[in-house]
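Enquirer: Got a structure for you, questions after.
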Amino acid sequence: VGATVGWGKRGINGHLRPFTKYSFFFNFQGKTTVILRCLDRDEPPKPTLALDYTYGRRAKGYNTPKDIAHFWELGGGTSLLDLINVPITSDTLRTFSLVLVLDLSKPNDLWPTMENLLQATKSHVDKVIMKLGKINPKAVSEMRQKIWNNMQKDHPDRELIDPFPVPLVIIGSKYDIFQDFESEKRKVICKTLRFVAHYYGASLMFTSKSEALLLKIRGVINQLAFGIDKSKSICVDQNKPLFITAGLDSFSQIGSPPIPENDIGKLHAHSPMELWKKVYEKLFPPKSINTLKNIKDPARDPQYAESEVDEMRIQKDQELERYKRSSSKSWKQIELDS
């Protein structure tokens, strides 16, 4: 999550008064690199441990106060979703935005991870909106209007989409690996992510360690964090890195799910989103969703493994089990004696 403390409208005394924007970064490797490039920091990215924080400053003009951007990153895939309650509150929600970074090199994990993260975040955001609506219904109304402003009033899909309650950007990382996939696989992944992004009124873009791609992403993040002008460029060619700003795609350009028409009738789906999910998982069946769901304790998460610490943890766990068994026997003996 990134928060931007900026300087907005002038107050009664003519001085610039502060405003605050928030953006949330979460999931797989790559998001830290994106943030560091946005902040012009030439340093190696470190693994995100649970909820990480960093910040940056930027002046909009000569002799003006610097805007301050605060960034929070949620790591651990879907295992640490409870932490989204920390940055997403009724105080931050009005100027909040979400950045989901997905690993394109792991297509079998892509849909379940994306679905779990977006559903959990939307559920929490909806609760916060309901709470905020009781206190400040005008603010909630302005939020909803702002979301719809990304879509032109005469857009043919205006009645068919369901915009995410806060601005959403989906970034596909590791494009350098993805570009070597078979053409059919790239086609399915690209079309599916375009559908999801467009349905939620989100921006979609692919990136890698390429300087040119990182500069494009940097512009998008700067727009979220500092309010600079939004890019109007677009690339929908599956043979190139996708770059589609919210509201510029359409269902007619995306086309139908990439599956033979005879097979579509065999897939029982209650909504277009469910249909796309079934088509996607037909080619990329989820592999590690159970692992993702079951990792509740970060100490047992493989990405945080440290041999010395883990050995000590195992030893202490064994001592605890022996103590439990010993205590259990003691209590049973007491019951028998009584």
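Enquirer: Out of all the residues in segment 124-171, which are touching a Leu at 6+ places or on another chain (Cβ under 6 Å) and either open to solvent by 50 Å² or more (accessible area, probe 1.4 Å) or part of a loop (DSSP other than H, G, I, E, B) (or both)?
Expert: Result: 166, single match.
Enquirer: Return the only residue of 224, 248 being at pLDDT 90 or above, among the aliphatic types (A, V, I, L, M), assigned by the TED database to the domain that holds residue 111 and open to solvent by less than 90 Å² (accessible area, probe 1.4 Å).
Expert: Only one candidate passes the filter, namely 248.
Enquirer: Additional query: Examine segment 180-191 for a residue that is open to solvent by less than 20 Å² (accessible area, probe 1.4 Å) and among the aromatic types (Phe, Trp, Tyr), and state whether such a residue exists.
Expert: No, segment 180-191 has no match at all.
Enquirer: Let me confirm something: among 175, 199, which residue is out of contact with any Ser or Thr (no Cβ under 8 Å at 6 or more places or on another chain), surrounded by fewer than 23 Cβ atoms within 10 Å (Cβ to Cβ) and in contact (Cβ under 8 Å) with a residue 24 or more places away in the chain?
Expert: 199
Enquirer: Let me ask something else. Could you tell me which of the residues 117, 98, 104 is touching a residue at least 60 places away in the same chain (Cβ under 8 Å), closer than 22 Å to residue 223 by Cα and open to solvent by less than 10 Å² (accessible area, probe 1.4 Å)?
Expert: 98
The values are calculated or read from the model by the stated rules, or taken from the named source; none is laboratory data. Computed from a predicted structure; not experimentally measured. Cβ coordinates were reconstructed from backbone atoms using ideal geometry, including for glycine residues, and neighbour counts include every protein chain displayed. Quick note on the areas: whole protein, heavy atoms, side chains included, nothing else; ligands and nucleic acids left out. Shrake-Rupley method; radii C 1.70, N 1.55, O 1.52, S 1.80 Å.
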